[in-house]
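Peer 1: The structure's right below; bear with me while I get my questions together.
Every number here is computed from the coordinates shown, using simple stated rules; none is lab data. This structure is a prediction, so every number in the text was calculated from the model and none was measured. For neighbour counting, all protein chains shown are included, and Cβ atoms are generated from backbone atoms with ideal geometry for every residue, glycine included.
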Amino acid sequence: MVDQANLELFKNAAIPQTVIDYYILTLFEFNPTFNPLKVPGSFLCSPEVPSSAYSSAREADTIKILKELEKSCNGTEDSEVSAVLASNIETFTPETFSTLGSASSGLSNTKISSLSPTVMVSSLSTLGSINDGSRLESLGTLVAGVPSKTIENIPATELSSISQNTVFVNNMIAAPTVIQQIFVQKIISLDQSAASVVQNVPDAMATEIPSSLLVFSGPVDISKINKKTWTGEQAAMFFESLGETDFDTEKLNPTVLQGFTCNTVRKMKKKRVRGLIRSCRPRKGRAKVKLEETQLTCMYNQLKGNLSQDFADYPSDMLIYLNIKDVQCANCRSYFTALGAADFTVASSVLNKDSGLFSEAQNCLGISGVKLSGGDVEVLGNMVCTLDSSYIEDSDSLILEKLKACKDLSASQVAAMEKLLLDVTTWNAKTLVDLGELPLYLTENFWGKFKSKTKKRFLKTFMPKQRKKKVKKSKLKKLFKHISARKTKRGAGCTVGNITQVTVSDNAFPFGYDLTQFDLCLDIPVLKDSLDSICQKVDDNDFQTVILRKLNEAYPSGVPEEQVQVLGSVSRVATLDDISKWTITKVDTLAALVKTEDGSWEAAKSSNPTTYYNLIRPYLGGAPLTDVVELSKQNINMDLKTFQSLEPNVISKLTAMDVAALVGANLPDLKVFENATAVETWRNLLTQTELDTLGVGLTTIRATPTTAPPNPATVKTTKGKATTAKTVKTTPVNATSGGAQLAKHPTSMFLAALLTAVLLQLLQ
């Protein structure tokens, strides 16, 4: 196995890489201590070389390995290998950093902190002082870690200058959203005219431009606009101008086309509108145009009476809303083929489009029973995502390929899918990869057929992809639960292996640890040193609770701000008591806490109304109506001083019952303070009949009933729309990326309170 002649034999270029990988896997299983320097350099590029093969290498050999990796493999992208190699080096010089290259990412925080400042400055000269644009540009990928305050202190003219550097912009895109927003705001501050904003802001960062600044006073240069990436809300601001130009609609990028609405096309000629609709059709090699239901129904209404039977010329999602009478019988198959590319989740459930369209498809394709042929499945396409388990279980195996495109799958669909997978004992890590996104849904019934080693190898490549795509945390939590389900023997201590920085660097981490072993094997010094990596990779709620408990042990007075910034989804399992002890003084920290991809803030955070209310009371002046109404259900007995501090437009929309529930035991004080401005204004908006229900003797000057105050239950909030705050009293949580999403629940007011405090400090 380890004969040098065998190793030379595998240098033959005709040998498939899969065979070489298998040989390498077997080689190190046969001899785990085999010296990696004895294999051909190209072998080191194989993912089958275990990181443990490098762990015993001396510093001199480690340098040789690093040079060979750079020569044969262009460095290493395996974070676990980087951690092992970096840990082998004791003496650091500028030359060492040069040799480490990308493997420098494997250095622990403790190791970095122990390095000589002279070495750091010599190796990373830009880290010594960052106070101008040129130094910021020279940071390269490290710019993602620059604090927002640093960006704010750099002159806007210098930021505008370096924004022309494509490499710098690509690095900036990797930075937190709040950093990108401040960067764009500084550039915009030089000239806020729409034309200048479009000209000056980098194309890839245009989504951070406030929509209000995209109102053009003169002609619109569509060619410049078309080079940038936009949100649908932004595109709607300038979409109307497309009717005033002869710009070829076929060349419009998908994000510009998102601006199509009945309002933005109302002045356009019918031919132009039809051209824009056609431009939204699916096209190979181009991203799909994301359209909402109102846009799709608008398109259909614009085409009524002028629909062609070439259905591939229309946005696939729009075809969901076609009346089947619009489809000639001879063309029904081509209609359902085009419809198969649609996203069926865009249609409101009340429309029952799923069952209705499938029924029509059955009639068209002659489908009877629950067995679908390969041809049927090919035509139905994404419609298979709407089918119940009986169809999945009995259909051609091609249905698995189509199910990969589904945004979600029900438990019954997953069960049927697992039955269709047949004999999984013949599967391996590669065939698991071929399943695409389906492993996210598979249960322990499926994963139980695989060896732990196979599952770990699969996770090492699967998990980084999911995290990069920002897959919902709820899906990752389910995956970890199902793939880790196994019985473990209880031991007196850590039996799986102490968690180290190298362990954490494994992309499959924490696979292999159950809750008990995770707790026993994770030491506080390692947690503090590798908190960022651990928080990124641990998705299970129970594991996350262990992390927070150990952090509280490490920092009895509260978790420091630098640590809070990297908690990610771990922050979502924190109690209000935990949160109240966090150190938060920077916008960067708040922005990190409200990232939507880290999950929602659960209702459990307000399970103790008294503690919760006491925390947020000083900041309720900025609370929106929906949050105040929700708070009234928590039995918090709001005092009249706090009540009067609420936004006037919020108080004016509260019903008598809302206020009664809000002030609770303090209800009689409404009579005491009836002449206070806030109370007087509110009572004079209500009828006497409404006030009488309170039973405290309040009166009103309103003589006759008119329109009643709006029912809070009907008040709509805008999802995910960031607003530009002119005063601190606007909903403060909206000032950071994803903040508006948190406003759906009163827990968001705690974060809003924190952000309000930060904004007040910044405005002083």
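Peer 1: Taking the highest mean first, how do the peptides 211-224, 37-50 order by number of other beta carbon atoms within 10 angstrom per residue?
Peer 2: On the way: 211-224: 14.0, 37-50: 17.0.
Order by mean packing, descending: 37-50, 211-224.
Peer 1: Going down the table (Lys537/Lys633; Lys269/Lys402; Lys449/Lys470; Lys407/Lys653), which pairs top 32 Å between alpha carbons? Kindly include the intermediate steps, with their values, before the conclusion.
Peer 2: On the way: Lys537/Lys633 37 Å; Lys269/Lys402 39 Å; Lys449/Lys470 28 Å; Lys407/Lys653 38 Å.
Pairs exceeding the cut-off: Lys537/Lys633; Lys269/Lys402; Lys407/Lys653.
Peer 1: Taking θ = phi - 60°, what integer Hz values does the Karplus form 6.51 cos²θ - 1.76 cosθ + 1.60 yield along the stretch 556-566, in sequence order, with x for Gly and Pro?
Peer 2: For the stretch 556-566, the Karplus curve yields x, 8, x, 6, x, 4, 4, 6, 4, 5, 9 Hz.
Peer 1: Roughly speaking, what is the stretch gain from Asn635 to Asp396, that is 0.36 nm per residue apart minus the C-alpha to C-alpha distance, in nm to one decimal?
Peer 2: Values: separation 239, 0.36 × 239 = 86.04 nm, distance 5.66 nm.
Once the chain is fully extended between Asn635 and Asp396, it gains 80.4 nm.
Peer 1: Still on this structure: How long is the stretch 133-365 along each principal axis, judged by its Cα atoms, biggest number first, in Å?
Peer 2: Dimensions of the stretch 133-365 along the principal axes of its Cα atoms: 67, 36, 30 Å.
Peer 1: Between Gln17 and Met657, what's the calculated FRET efficiency when r is the beta-carbon distance and R0 is 60 Å? Round to 0.05. Let's see the in-between values first.
Peer 2: On the way: r = 70 Å, r/R0 = 1.17.
Efficiency, from the Cβ-Cβ distance: 0.30.
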